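The block underneath contains the structure these notes are about, expressed in C-alpha cells.
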Amino acid sequence: MGNLGFMTLMLAGVLAFYSIISSIAGGKFQSAALTRSATNASYITSLILSISTICLIYAFVTHDFSLSYVANNSSLSLDPKLTWVALYAGNAGSLLFLAWVFSVLSSIAIWKCPNLAKPGLPYTTATLMFILLFYIVVMSTMANPFEKLAITPADGRGMNPLLTHPGMFFHPPMLMTGLIGVGIPFSFAIGQLLSGEQGNEWLIAARYWGLIIWCILTIGLMLGSWWAYTILGWGGYWAWDPVENAGLLPWLPLTAFIHSIIVQQRRNMFKSWNIALIIFAWGFAMYGMFMNRGGPVPSVHSFGQSTMGWIFLIFLGFNLIVALTLFYNKHKKLKDASQIDSFLSREASFLVNNLLFLLIAFVTLWGVLYPLISDVFKGVVVTVGQPYYDTLTGPIFLSLVVLMGIGPLLPWKNLNNKIIMKRFIAPLIISIVTLIICIILEINNIAALISFSTCTFVLTGILREWATGTIVRSKRNNEIFPIAFIKLLLSNKPRYGGYIAHFGVVILAFSVTGSSFFSLQQDFSLSIGQQAKLGEYNIQYISNETITNSDSVETKAIIDLYKNGSFVSKLEPGYVFYPGFNMASARAGIISTPIEDFYLIASEFRDDQAMFRIHINPLVFWMWVSGPIFILGTVIALLPTKTKYSNDIDDQKKL
Amino acid sequence: MHFFLVSNSLYHKIIFLAFCFVSLAALACSTSQVIQTDEQRAQAIDKNLICPICPGETIDQSQVELAKQMKYAVREMIDKGQSDEEILNFFTERYGVSVLAAPPKEGFHLFAWWTPIGIVLVGITLTFIFIRSKTILKFNNQQIHISKDFMSSQEFQESLEAIEKTTHEFNSDITKEKE
C-alpha cells in the first residue's frame, strides 16, 4: 500500500502541474477545451490524492510499521478510533492531510464556481493547483509520508500523548482546513485580478468561501481553546502562544473581509480593499503554516515540527510578491461606484470594523516580531507574552464589541437621523441599567463594567430588531409569533445570520470578561484527609490512586468537593505519564456550571501529600456555548437566497 | 460647522463621541485592575515573570522547582513590604529582561508599546480624513447646494416621507409575492 500511496501522490503532482499549464494556456488563448481539460485534471487530482490518503489510513489500520510515519505515530496498542488523529499527528501526514483537504475544497470551488466568476476561473484553477503542487513537491522531496524503514520494527512508537483527547479529532483538522482554505478565496481574488473587468465578478464566490472558511477557522480556534483548557492544565483557554497567534492572525483579516465584502455587494464599494484583505489573510495563513513547521519559537504546538520551515517562508514570500505585484498593477481598474455619505452610516462602521481587526492583527504581529527587533538592534532578549497582548488588544476588542452594537443599527447611506435615534434609545437605556446593576453588585473593575454594559447594549439592539420585525410580520400576515420569527430570519438570511453570529460574539465577550477579571486561584499542599477552602468551595483529599496501563501511568487524587458545606461531586484530578515520550499530561477535575467553573489540578504526589491548585473561573461555560451559535449563524447566512438580497426592507421601514 | 459630519445633527456627534469615549476609557482602564489581597498581588506578579528554564511559561504556570522558588521569593518580598516594581527589578537584575513576560515600559522597549498605539492613532486619523474627503468630494461632484433650511423644511420632509412610503410598500409587495 505504501508504494501505491507514493505513486498516487506523484501522479497527483503531475496532474496538478498539467492543470496549471493548460488552465493558464486556456485562459490566455480563450480556449474552452483547454480550460475544461484543466478543470477535469483538477477533479482527478483530488480523487487521486484521496486514494493516497486512504493508503495512509489503511497502513495505520493494518499496523504497517514498515512505513516510517506509521511506526513513529502509532503502536499496536493504539485505540483504533485514534487512527484518524494519527493521520495528521506528525509532519508528513499533516502535509498529506492539508494537500488532500485543499484538493477536495478546490474541486468543489471549481465545480460550484458561479457563472459570474467563470472568466477568471482558468487563473483561479491555476492558483489553486499551484498551491497544491507546492505541498505535493514538499512531500515528495522532503517529507514523504510513505517513506519506508530499512528494518520493520515489531511495534510502533505510539502517538504523541497530548493528542489523545476528543478535541484532537477536530481541532487540528479544522484549523488546518481553515488555514489552507484561505487559499480558495485568495485564488478567486487572483482570478479576479487577472480577468475581471468590474471588480465584482468574484463577489459571490468570495463571500461564500470567505464565510465557510471563517466558520471552520473559528471552530478550529475554539476547539483549540477547549483542548488547552481541559488538558494543558493551567486553568486558562488562551495564552497568546506564538502558534495560537499564528492561527489568530489569518482569522482577523478574514473576519474583516467577510464584513467588508457586504459593502461591495450592497454599495459597490471597497473593491480593491477586499482583494487586499484576502491577500493579507492568505499571507498570514501561510505564516501560520510556517510557524507550525519548524517556526523559530518554542511552543506547546511542537507536533509537526521539522527543519523545513524555510521552504514555507520562501513560498510565503513568493505568493505575497506575486499577489501584491498583480494587485499594484491592476487595482486602478477597480473603481468604486459609490462613496461614503456619513460617519454614521453602515459603510463607515464597516470601515472602522476593518481598521480595528487589522489593528489587532498588527499588534499581534508586532508582538511576534518585537523580540527579533530587540535582539537585532539592542542585543537584548525579551519576552512578549500575555500581559503585553492583553493590555494592547483588550481595548481594541472591546471597541469592536461596541461597534458591533452600533454598526448594524446604522442605515446604509444614512439620510435620516430619526431612524437612528429610535433604534438607539432602547439599547442605551438597557445598557445604562446594566451599568447601575453592576455597580450595585459591587463590580469595581471599570473595564468589566464597560464590557458588561456594552454586551447588553448589543444584545438589546439585536433583540429589538428581532422583536419589532416579528411583531410587524405577525400583524401583517396573521402569523403566530414563532412562525413569524422564523420567517423573519429566512426573509434576509445574510442579515439575520450575521445577527446570530453577533449574538454568539456577545456571549463570548461576556464569558471572556467574566473569566479574565473575576477568576480566583490558590495553591494548596494537602495530606490525605485534609481540607482546603477557596471562596464557597471546600475540597477534601480522600485518597490517591496509581493505575498502570500498557503505555502510560495514571496518577490521580480522589477528592470530595463541597459547596457551601453540601457535597457536590467526587473529582479525580491527576496526570498521566507516558514513559515512551517522557511526557506527562494533566487531567483537571472540572465542574462546569453556567455561573462558574470549579477547576482543580493535582500534582507532585508524595506518599500521602499532594499539591493542588484550585481555579474558580466565572462564566467560562458560555465560551463553549458561543461556538455552536457561530456555526448556526454562518449556516443561516449561507443558505441560498432566491433574490439577490438587495431588498433590505429594514433600511426603509420605519418601526 | 461641518466638523464631524455632512449633516450637522447633534445626535451624530453624541454617538460618535460616545464611541470615542468608550474606546479611550477602555484604553485607560485596561491596566488598572483592582488588586486586593497579598496573595492576589503575588499571583499577578507570578503571571508577569517567565520561568527562565522553561521557555514560554510563566512561573505561575510552571511546575518546576526553580519556578516554585521564585514564587516563594515573590511572596517573601511582598511580606517585607516591597513594591511590585522592586520585586520585578530584583528578578530582572538576576535573569535579564527576558524574565519579564512583557517588555518593560521604558527606554528602547517603549518602542514595543508605543508603535501599536501610534498606528492606532494614525489609523483613526486616516480613516477620519478618508471618510471626510469622500463625503465632501461627493457633495462637490454633484454640485449639491442644499441649504439647511431647505433640508428641514416641511416640503422636503414630506417628499422624503413619501419616497420612503413608496419604497416600503414596494418591498412589502415583493415579500408577499415571494410567499
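The values are calculated or read from the model by the stated rules, or taken from the named source; none is laboratory data. Being a predicted model, the structure only gives us computed values, none of them experimental. Cβ sites come from the backbone with ideal geometry, for glycine too, and all protein chains shown count toward neighbours. Remember, those area values only see protein heavy atoms, side chains included, never the ligands or the DNA or RNA. Shrake-Rupley method; radii C 1.70, N 1.55, O 1.52, S 1.80 Å.
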### Query
Which pairs have Cβ atoms under 6 Å, sit 6 or more apart or on different chains, and link a residue in segment B:85-110 that is within 10 Å of another protein chain (Cβ to nearest Cβ) to one that is among the polar types (S, T, N, Q) and part of a loop (DSSP other than H, G, I, E, B)?
B:98/A:383; B:101/A:383; B:101/B:48
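What residue, among those in segment B:49-63 that are open to solvent by 50 Å² or more (accessible area, probe 1.4 Å) and at pLDDT 80 or above, is farthest from the other protein chains (Cβ to nearest Cβ)?
So, considering only residues that are open to solvent by 50 Å² or more (accessible area, probe 1.4 Å) and at pLDDT 80 or above, the one farthest from the other protein chains (Cβ to nearest Cβ) is B:53.
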### Message
Being touching an Asp or Glu at 6+ places or on another chain (Cβ under 8 Å), modelled with pLDDT of 90 or more and not polar (S, T, N, Q): is that true of residue A:619 here?
### Response
yes
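For the structure I just gave you, tell me whether residue A:459 is more than 10 Å from chain B (Cβ to nearest Cβ) and surrounded by 19 or more Cβ atoms within 10 Å (Cβ to Cβ). Before the answer, list the steps.
Values: more than 10 Å from chain B (Cβ to nearest Cβ): yes; surrounded by 19 or more Cβ atoms within 10 Å (Cβ to Cβ): yes.
So residue A:459 fits the description; yes.
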### Task
Within segment A:368-392, track down each residue that is more than 7 Å from chain B (Cβ to nearest Cβ) and either under 26 Å from residue B:43 (Cβ atoms) or in contact with a strand residue (DSSP E or B) (Cβ under 7 Å, 6 or more places away or on another chain) (or both).
A:371, A:389, A:390
### Message
Can you report the number of residues in segment A:15-30 which are in contact with a Ser or Thr (Cβ under 9 Å, 6 or more places away or on another chain) and surrounded by fewer than 19 Cβ atoms within 10 Å (Cβ to Cβ)?
### Response
2
### Query
Residue check: is residue B:129 open to solvent by 60 Å² or more (accessible area, probe 1.4 Å), modelled with pLDDT of 75 or more and in contact with a Cys (Cβ under 9 Å, 6 or more places away or on another chain)?
no
### Task
Check A:380, A:368, A:401, A:363 and return the single one that is more than 22 Å from the chain's Cα centre (by Cα) and either in contact (Cβ under 8 Å) with a residue 12 or more places away in the chain or outside any helix (DSSP H, G or I) (or both).
A:380
### Criterion: open to solvent by less than 70 Å² (accessible area, probe 1.4 Å), modelled with pLDDT under 85 and over 18 Å from residue A:523 (Cα atoms) - qualifying residue of B:99, B:6
B:6
### Message
Yes or no: segment A:500-510 includes at least one residue that is part of a helix (DSSP H, G or I) and within 11 Å of chain B (Cβ to nearest Cβ).
### Response
no
## Note on the structure
So, first residue farther than 25 Å from residue A:150 by Cα in segment A:67-86, second residue open to solvent by 20 Å² or more (accessible area, probe 1.4 Å), Cβ within less than 8 Å, six or more apart or across chains; the pairs are A:79/A:164; A:80/A:61; A:82/A:164; A:84/A:57; A:84/A:169; A:85/A:164; A:85/A:169; A:85/A:172
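Every residue, every condition in (1) open to solvent by less than 30 Å² (accessible area, probe 1.4 Å); (2) part of a helix (DSSP H, G or I); (3) modelled with pLDDT under 90, yes or no:
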position	(1), (2), (3)
A:126	yes, yes, no
A:155	no, no, yes
A:158	yes, no, yes
A:162	yes, yes, yes
A:177	yes, yes, no
A:185	yes, yes, no
A:199	yes, no, yes
### Message
Can you tell me which residue is least open to solvent (accessible area, probe 1.4 Å) among those in segment A:469-490 that are within 14 Å of chain B (Cβ to nearest Cβ) and either touching a residue at least 24 places away in the same chain (Cβ under 8 Å) or outside any helix (DSSP H, G or I) (or both)?
### Response
A:469
### Summary
Apart from one, (1) surrounded by fewer than 24 Cβ atoms within 10 Å (Cβ to Cβ); (2) touching a Ser or Thr at 6+ places or on another chain (Cβ under 7 Å) all hold for residue A:223; the odd one out is (2)
### Message
So for segment A:590-604 (the condition being in contact with a strand residue (DSSP E or B) (Cβ under 8 Å, 6 or more places away or on another chain), more than 28 Å from residue A:160 (Cβ to Cβ), aromatic (Phe, Trp, Tyr) and surrounded by 18 or more Cβ atoms within 10 Å (Cβ to Cβ)), does at least one residue qualify?
### Response
yes
### Message
Here is a list: A:524, A:518, A:567, A:581. Which entry is farther than 17 Å from residue A:165 by Cα, within 32 Å of the chain's Cα centre (by Cα) and open to solvent by 30 Å² or more (accessible area, probe 1.4 Å)?
### Response
A:518
### Query
Looking at segment A:606-616, which of the residues that are in a strand (DSSP E or B) and open to solvent by 40 Å² or more (accessible area, probe 1.4 Å) is modelled with the lowest pLDDT?
A:606
### Message
Go through (1) more than 9 Å from every other protein chain (Cβ to nearest Cβ); (2) open to solvent by less than 20 Å² (accessible area, probe 1.4 Å) for residue A:365 and report which single condition fails.
### Response
(2)
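Of the residues B:121, B:66, which is modelled with pLDDT of 70 or more, exposed (fewer than 15 other Cβ atoms within 10 Å of the Cβ) and touching a Pro at 6+ places or on another chain (Cβ under 8 Å)?
Working: B:121 fails: touching a Pro at 6+ places or on another chain (Cβ under 8 Å).
The match here is B:66.
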